[in-house]
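Quick notes on the structure that follows.
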Amino acid sequence: MQKYNPQKIEKKWQKEWYSSGDFVAKNTSKKPKFYLLDEFPYPSGDGLHVGHCRPYIGLDIIARKRRMEGFNVLYPMGWDAFGLPTENYAIKTGVHPTVATAKNTKNFKRQMNLLGLSFDWSREINTTDPKYYKWTQWIFIKLFENGLAYKEKMAINWCPSCKTGLANEEVINGNCERCGTKVEKKEKSQWLIKITKYADRLIEDLKNVDYPARVKDQQINWIGRSEGINIDYQIENSKKFISVFTTRPDTNFGATFLVVAPDSKFVKENVELFPEKEKVKAYVKESLAKPEIDRTAEGKKKTGVPTGWSAINNLNGKKMPIYVGDFVLGQFGTGCVVGVPGHDLRDFEFAKAMGLEIIRVVVGPDGDTSEITDVRQVQEEKGAMINSGFLDGKDIHEATKIIMDHIVEKGWGTKVVNYKLRDWIFSRQHYWGEPIPMIDCPKCGWQTVPEKDLPVELPKVAKYQPTDDGESPLSAIEKFVNTKCPKCDGVAKRETDTMPNWAGSNWYFMRYADPKNNKEFSSEKNLKYWMPVDWYNGGMEHTTLHLLYSRFIFKFLWDIDAVPKEIGNEPYKKRTSHGIILAEGGVKMSKSKGNVINPDDIVKEYGADTLRVYEMFMGPFEQMIPWDAKGIVGARRFLEKVYTLSLKPEARNPKSETNPKLVNELNKTIKKVSEDIEAMKFNTAISAMMSFVNEWQASEIGLDKKDLQKFLAILSPFAPHLTAELGLKEKTWPEYEEVKETTVMMIVSVNGKVRDKMEMKAGLDQSQVEGLVLHAPKIKLWLEGKQVRKIIFVKDKLINIVV
RNA sequence: GCCCAGGUGGUGGAAUGGUAUACACGAAGGACUUAAAAUCCUUUGAGCGUUAGCUCAUGCGGGUUCGACUCCCGCCCUGGGCACCA
């Protein structure tokens, strides 16, 4: 008897597949196209661990099924290789990042091929290849030319450990996304991208894509749209106005003070004029020195100082003192809020801390109209108006509409929409990234590098170390920095900051359509054929980073006709997310904990097909799941069984015939597997095949030649090497016949409790079943002395007698 | 605090209104073997009972329904995201 030897057969078939070009997608085909994509990895020196493999295997199953269904499938892979670990490795060892990257990608590719993944390697891309990042730079230039890239001096998030600025999306709980260091505020001149201009469309167009609800929710939340009104209040004894953003103008009769943020424009412009300017200056200095996280960590404790100025409420002429307080954010709205302490928790706390007046303008729960002295009386979201002149008695929502129109009509303010989303800080002070292709001319200002001079290549340097003063290491290289102005030919300097590591992944999915094009980032013809991506899988951690950024950049390129209009303005039709694999015991796998499982070891011990089946069987694809070193043997045993049973003589004998019961089971299994793969329910697809194999093993005569082909076909996306070895010839996805059962197991219950199961002919109607059931001795026992009140009947399934 | 997902045997999980615990791991017993491994067979939610069988059990408490892991209301816990966003 031959023994299942995966190590031997897997090598053989991989060699065959990768040399034959079986997985190479064609740019023209009579077949319908299907573009399947998983996020490309950062090739770290540690190599792949088993967690990386899960999404690749899952999508590989779909890719293989689609090919069998007659699609021209594009399933590509590449490397998102700019980033800090490689740079840090270069700093430590002096090995150039290009060299380290080449070594790492080679290792990653070896590991991927070890799993038999059906990637089209003819389209392999690398974001650090100058031929690739030429186009990343080109996109930056287009953004600049269209007014969406600008340089501004501002307080940015600064990671003192990585020595670089960070985007808001890269700050997690006040810490650096990469290294966890507490982020500081630092004044720096930075390139920013106006993603906020696309905020509405990034929300609106989610309606047209098939993403999981949690992904849509998170993006919508992150963008944080709020509709409201900017009200201008005149400053007492002055011609100046102060503008305030509010979503609740209905409560404006209850406004008793104004608070401006320490870093707001209003403070910057007027600080010298404040009667209390010394107090204000001291407060501003103190609060800006605090890292943002410390400020919020102090929770609800409100601080502030009066400016000495007051503003006048247009509605009732009331004088409202203006304070500076750091619970107000400088970057949101106008950097200034109107305090309605009776109906906003934060305003209440501020009023209490400063001893300011509190006016009730909304009736509280149970009709409470008393003076507000306690936090629990602060009514925020519902109620009817009171003490508010012409709004009295109205519901707050109705009152909001009325007062908005009133304020606009009177010319006291304008309706506006604000977003939590900020413009994207695009400058990094590191070596290993795309140089920003801009030149600063003392005469002409910022100029783009002409397209013919692209790419601006990273110069060879001896020192990669980022500097403490926040300057990029490139700034020390005079040969790189000093250049000529493309406009006036005068002496000018290059931008020395590089792009964030998200830049290369903004558009990579389009490069796969045309990876070797030297004239365009991707040809119109190929984009029209392949885009949009039909199915994009990736990690939840990218929802408000890469996924949002790349949707934005795609929309921009669509707007400027860099991509054909007919492919639509969303890059990805469907998005799914995989759960990460945890180490045994449910903790994260990490090098420092020493609990990382390397797929190389698993393949060596059990074979790639076993690893593939196990990773798909462990649990739901989208769910986080711990690795179980013992559990994997179940997958191996299953494949062993398939191997042994497939080599049985009847499967080789053309005259043999499968018994009808097993044929029925096979049909049901094909149906289940076909449907489950589409829903990414790989775990239940495998359990159905396991059940089938158990039946197959138990039946005296096994599958015949034809049925064996069908079974191997549905197993092949999961265990492609094994099924190829067992002689799978079928290149199409098998069809199934709908199984009609002749007998059914009728569930008999009394008062909803199962009391018996009776086998009977299928298709009987209620009276026929009643006849059989009501006289059955077991049931009679339950009905004795009781009156039948009602009978519920579900055909071929269940009968419930209510007594 | 807000938004989202989840809570089922010893373990991973299955079942989206109709047989709760499929499939797999582990464990126990048995067969084969000089022995072990591998393989195969049996048992495996808890309790009561000699058996037939009965009762209880899907985080907790209510509700809807002939019937609820599944739907509704109120809690508790775990994970993820956001967080003084006016």
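The values are calculated or read from the model by the stated rules, or taken from the named source; none is laboratory data. All figures in this text were calculated on a predicted structure; none of them were measured in a lab. Virtual Cβ from ideal backbone geometry, glycine too; neighbours counted across all protein chains shown.
List of remarks:
- Single match in A:S522, A:S505, A:S475 (criterion: closer than 17 Å to A:I141 by Cα, of a type outside the set (D, E, K, R) and either part of a loop (DSSP other than H, G, I, E, B) or at pLDDT below 95 (or both)): A:S522
- Close Cβ contacts (under 6 Å, 6 or more residues apart or on different chains) running from residues in region A:615-632 that are farther than 13 Å from A:S687 by Cβ and more than 9 Å from RNA strand B (Cβ to nearest atom) to residues that are of a type in the set (S, T, N, Q) and not in a helix (DSSP H, G or I) are absent.
- Contact annotation: residue pairs with Cβ atoms under 6 Å, 6 or more positions apart or on different chains, pairing a residue in region A:206-232 that is closer than 30 Å to A:V408 by Cα with a partner that is near RNA strand B (Cβ under 10 Å from one of its atoms) and hydroxyl-bearing (S, T, Y), are A:W222/A:T544; A:I223/A:Y419; A:G224/A:Y419; A:R225/A:Y419; A:S226/A:T247; A:G228/A:T246; A:G228/A:T247.
- Some residue of region A:261-276 being at positive phi and within 11 Å of RNA strand B (Cβ to nearest atom): no
- Residue in region A:304-346 that is nearest to A:N252 (Cα to Cα), counting only those that are more than 7 Å from RNA strand B (Cβ to nearest atom) and of a type in the set (D, E, K, R): A:K318
- Filter result for A:V284 (touching a helix residue (DSSP H, G or I) at 6+ places or on another chain (Cβ under 8 Å), of a type in the set (A, V, I, L, M, F, W, C) and farther than 23 Å from A:W424 by Cβ): yes
- Hey, A:Q697 within 12 Å of RNA strand B (Cβ to nearest atom) and within 30 Å of A:L115 (Cα to Cα) or not: yes
- Just one of the listed residues (A:Y75, A:Y133, A:Y150) is closer than 24 Å to A:M438 by Cα and under 26 Å from the mean Cα position of the chain (by Cα), and it is A:Y133.
- Boolean, A:K151 is at pLDDT 85 or above, buried (at least 17 other Cβ atoms within 10 Å of the Cβ), among the basic types (K, R) and not in a helix (DSSP H, G or I): yes
- Single condition A:I125 does not satisfy, out of (1) touching a helix residue (DSSP H, G or I) at 6+ places or on another chain (Cβ under 6 Å); (2) farther than 30 Å from A:E615 by Cα: (2)
- Candidate set from region A:647-683 (those that are farther than 14 Å from A:E700 by Cα and small (G, A, S)); member that is surrounded by the fewest Cβ atoms within 10 Å (Cβ to Cβ): A:A679
This table checks each residue for (1) of a type in the set (S, T, N, Q); (2) more than 13 Å from RNA strand B (Cβ to nearest atom).
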| site | (1), (2) |
| --- | --- |
| A:P212 | no, no |
| A:V215 | no, no |
| A:I223 | no, no |
| A:Y233 | no, yes |
| A:N237 | yes, yes |
| A:K240 | no, yes |
| A:T247 | yes, no |
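- Scanning region A:118-137 for residues that are among the small types (G, A, S) and either closer than 30 Å to A:F23 by Cα or in contact with a Gly (Cβ under 7 Å, 6 or more places away or on another chain) (or both) turns up at least one hit.
- Members of region A:777-790 that are aliphatic (A, V, I, L, M) and near RNA strand B (Cβ under 9 Å from one of its atoms): A:L781
- Matching option when the condition is closer than 15 Å to A:V328 by Cα and among the hydroxyl-bearing types (S, T, Y), among A:S287, A:S238: A:S287
- Residue that is away from RNA strand B (no atom under 16 Å from the Cβ), β-branched (V, I, T) and touching a strand residue (DSSP E or B) at 6+ places or on another chain (Cβ under 8 Å), where the choices are A:I396, A:I402, A:I386: A:I386
- Some residue of region A:706-729 being near RNA strand B (Cβ under 10 Å from one of its atoms), free of Cβ contacts under 8 Å to residues at least 24 places away in the same chain and closer than 30 Å to A:K65 by Cα: no
- Contact map, region A:282-293: residues that are closer than 14 Å to A:V324 by Cβ paired with residues that are at pLDDT 90 or above and away from RNA strand B (no atom under 13 Å from the Cβ), Cβ distance under 6 Å, separation 6+ or inter-chain. Pairs shown: A:Y283/A:V305.
- Neighbours by Cβ (under 8 Å, 6+ apart or cross-chain): first from region A:18-29, under 18 Å from A:S522 (Cα atoms) and touching a residue at least 40 places away in the same chain (Cβ under 8 Å); second of a type in the set (V, I, T) and outside any loop (DSSP other than H, G, I, E, B): A:A25/A:V73
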